[in-house]
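Since the structure comes first, as structure tokens, the remarks are kept for the end.
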Amino acid sequence: MKHTKDRKKIRNVLTIICALTIPMTGFSADVQTALPPGSITMGGQASLRMDLCMKILITSRELDTLIRPFREKTDNEPTGQGQPDNWRCDYWGKWFTALAWGYAHKPTAEHRNLMDRAVKELISTQGSDGNIGSFDGEKRLNGGYDVWGRQCVILGLTSYYDMTGDKAALDAVGSGNYQFQSRL
């Protein structure tokens, strides 16, 4: 009796292995795609809190204060206390990712325009070598938050690409990563 059960188990396992190895036609590859903005909605307190965050914490931010460290490469300059102020590089990416998720929750023309403007202004700070960062010259990759800030930018730009399909954001990420890898 036990011998028969073992044979059935072995036969079942072999059947599954064979089924998995036989090439199948008519099937498409499993591809992850982002849902269009507004496809998933929330209600109740969660929705109210998201709306308040968008209004008070996200869309009320002055965009120029988030872009300035990238434009002026100020994260490696000392503050009034003599220490480098080298953590602002992550603000844009964190803020933008929150904006993109808020836009996905409730897409509005105002939020889309802000997203478009934020990405366009950030990409305009990209150096001729592809770098999108807030550290200058030899200060890049030497301590501080340069790598952290870059990954926040990547998350923001890829969120934008997922929402809009705008290839310019993806191209900026690609050339920035190329520049980053060439320095390692």
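The values are calculated or read from the model by the stated rules, or taken from the named source; none is laboratory data. What you are looking at is a predicted structure, and each value in this text was computed from that prediction instead of being measured. Using ideal geometry, Cβ is built from the backbone for each residue, glycine included, and neighbour counts are taken over all protein chains shown.
Brief remarks on what is shown
- The residues of segment 119-130 that are more than 12 Å from ARG68 (Cα to Cα) and in a helix (DSSP H, G or I), listed by number, are VAL119, LYS120, ILE123.
- Residues that are within 23 Å of THR59 (Cα to Cα) and crowded, with 16+ Cβ neighbours inside 10 Å within segment 108-142 comprise HIS111, LEU114, MET115, ALA118, VAL119, GLU121, LEU122, ILE123, THR125, ILE132, GLY133, SER134, listed in sequence order.
- Some residue of segment 107-129 being in contact (Cβ under 8 Å) with a residue 60 or more places away in the chain and at negative phi: yes
- Pairs where the first residue, in segment 49-71, is on the phi > 0 side of the Ramachandran plot and the second is surrounded by 11 or more Cβ atoms within 10 Å (Cβ to Cβ), C-beta under 8 Å, 6+ apart: none
- You will find that of GLY38, GLY43, the residue that is surrounded by 10 or more Cβ atoms within 10 Å (Cβ to Cβ), modelled with pLDDT of 55 or more and not polar (S, T, N, Q) is GLY38 and no other.
- Residues that are part of a helix (DSSP H, G or I) and modelled with pLDDT under 90, drawn from segment 66-82: PRO69, PHE70, GLU72
- Within segment 93-107, the residues that satisfy the criterion of being surrounded by 16 or more Cβ atoms within 10 Å (Cβ to Cβ) and closer than 22 Å to TRP148 by Cβ are GLY93, TRP95, PHE96, THR97, ALA98, LEU99, ALA100, TRP101.
- The number of residues in segment 125-143 being of a type outside the set (Val, Ile, Thr) and in contact with a helix residue (DSSP H, G or I) (Cβ under 8 Å, 6 or more places away or on another chain) comes to 11.
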